[in-house]
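Working notes, structure below.
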Amino acid sequence: SLLLEGSLPSVHTWTRLAQQRRQRAMVGIDLASTAYILICTAMVQLMTPGLAFFYGGLVKDTSVLTMMMQSFVSMGISSIVWYVVGFSLCFGESVGFFGNPGTFVAMTGVSVNEPLMRGGEEVVAGIPGLLFAAYQGMFAVITPALMTGCFADRFRFKPYLIFIVCWLIVVYAPWCHWVWGGGWLAQWGVYDFAGGIVVHITAGFSALASLVVVGKRPQDEENKDVPHNVPFVALGTALLWFGWFGFNGGSALGSNGLAIMAAMNSQLAGSVGMVGWMIMDILHGKKPGLVGACVGAVAGLATITPAAGFVDMNGAFLIGIMAAVLCYKCVHWIHNLGYDDALDVWGVHGMGGFSGSIIIGLLANPEINPGTATRSWEQLRVQTICSCVTAVYSYVVSYVLLKIMECVIVIRPPRHHDAALDLVQHGEVAYVTHKSNEHLNPDGPYDASSDASSDDDSAEDPKRATNGETKHVSQRIVRMA
């Protein structure tokens with residue numbers, strides 16, 4: 001109207017008009033909470049590369065790239081699944097026991113200017129629906145990557161891609177919908193603040209099932225449990241711990257006191273878990289090491305995750321102690337039973353999430369998050385039943401899924417590839433000390449396609465690798481060394 005009257009509006013007028021336009025567009029949106037959750041989304045995304053460094057440092061130097069690649073590729077594959085149908089399966093309208101894959105398919109109906117609406121009701125108030133979808137998507141990214149530490153060195157790349165796609169649909173999505181998406185467990189009164197049930201129990205017990213299928217690493221392999229790069233482990237822990245403030249603190253879904261409480265509980269439980277793990281090492285006749293300290297911190301952070309927004313700091317302190325003792329014992333117990341959990345995924349994440357979910361029933365303070373979990377025998381019963389059912393479901397469904405896959409595709413790399421898994425699976429090596437790759441092979445530059453075809457041939461028939469083929473690959477490895 002000012003232009004029609006022949007006068008130009010001032011800069012102040014333009015600014016005021018722009019602010020009014022944004023306010024009209026962002027209906028029901030709290031700008032502080034939006035900014036906070038956007039930052040938390042980036043922090044949780046950073047946890048997956050942190051996990052790659054953490055796991056990568058713990059394995060041997062000939063499989064570090066394979067280990068890290070499994071984490072990094074989860075960011076790509078899981079994000080695509082999340083965009084197409086994953087978010088809808090988790091937070092869509094309930095169809096029987098499951099989420100409707102058509103509610104938000106390809107992010108249809110997910111607004112960037114308004115809170116997420118489902119059935120005419122707000123799912124989460126104060127933040128844009130698309131931001132909520134992005135934040136929850138980061139949880140879907142890291143969860144399948146957590147399992148990789150359990151079956152380290154025993155999963156080919158192509159089957160792994162198939163596995164995480166199927167696993168997200170048949171394991172992660174149902175539990176996410178049932179607990180966080182308004183499903184039957186949420187209606188029953190089950191509480192999981194940031195992923196003890198949805199993330200850690202599902203990943204930990206699914207990883208345990210994978211060990212039954214892929215078996216153990218070669219028992220004659222020397223130093224298979226010795227980390228090849230301890231600084232990588234420390235760097236990964238630092239990134240994970242930093243991201244955990246967004247993982248747990250952001251699960252308040254707002255910039256408020258609950259977010260502060262969850263962040264402080266996470267810091268305290270992680271710290272107690274770290275110190276407690278070192279004490280456990282000393283009590284068992286070991287020296288306190290950096291790797292043990294890092295594993296202890298992760299155990300404390302994983303165990304506080306489901307309870308971070310329900311307990312006070314005294315509760316967080318007790319949970320940190322429980323994490324150090326219980327997870328430490330579970331790590332040793334599973335190895336004594338003969339399971340080759342390479343990087344202690346079940347003991348740390350599976351049992352950490354399991355115990356942390358149950359303890360809500362004993363330690364939940366009603367003043368921390370009013371209207372939600374309250375310590376009581378009934379809450380303890382509900383949390384225990386749900387945790388047990390989650391563990392059994394994750395184990396059984398993952399085992400069945402892997403056995404079906406095993407009927408149509410070979411999951412485990414051939415034995416003669418173990419000494420150069422990175423080279424065979426990805427055509428790369430982590431550490432090159434010569435001026436060029438030509439020095440890796442006196443016959444000329446390395447041709448990844450030759451070993452790739454060998455890997456494919458072995459996939460068709462793992463028994464086809466003759467002594468001559470094994471000798472050829474072994475000679476190539478020796479020349480590279």
Item to check | Among 300-310, 366-376, 204-214, the order from most to least packed when residues are scored by Cβ within 10 Å on average | outcome: 300-310, 204-214, 366-376
Next on the checklist: Quick check: convex hull of the Cα atoms in the stretch 255-410, volume per residue, rounded to a whole Å³?
Outcome noted: 146
Checklist outcome for this item: For the stretch 93-213, the per residue accessible area (1.4 Å probe, Å²) is 29
Item to check | Label-point separation, Asp312 to Ile385 (7 Å along Cα→Cβ), nm | outcome: 3.0
Item to check | Table column - 3J(HN,Hα) (Hz), the stretch 203-211, Karplus curve with 6.51, -1.76, 1.60, x for Gly and Pro | outcome: 5, x, 7, 5, 4, 4, 5, 5, 5
Checklist entry - In a shell of Cβ-Cβ distance under 13 Å around Leu402, excluding Leu402 itself, what net charge do Lys and Arg (+1) and Asp and Glu (-1) give? => result +3
Checklist entry - What whole-number value in Å² describes the accessible area per residue of the stretch 359-423 for a 1.4 Å probe? => result 47
Item to check | Whole-percent carbon and sulfur share, accessible surface of the stretch 155-214, 1.4 Å | outcome: 69
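The values are calculated or read from the model by the stated rules, or taken from the named source; none is laboratory data. Keep in mind the model is a prediction, meaning the values are calculated, not measured. When we count neighbours, we look across all protein chains shown, and the Cβ atoms used for this are built from the backbone with ideal geometry, even at glycine. We work out accessible area using only protein heavy atoms, side chains counted, and drop any ligands, DNA or RNA first. Shrake-Rupley method; radii C 1.70, N 1.55, O 1.52, S 1.80 Å.
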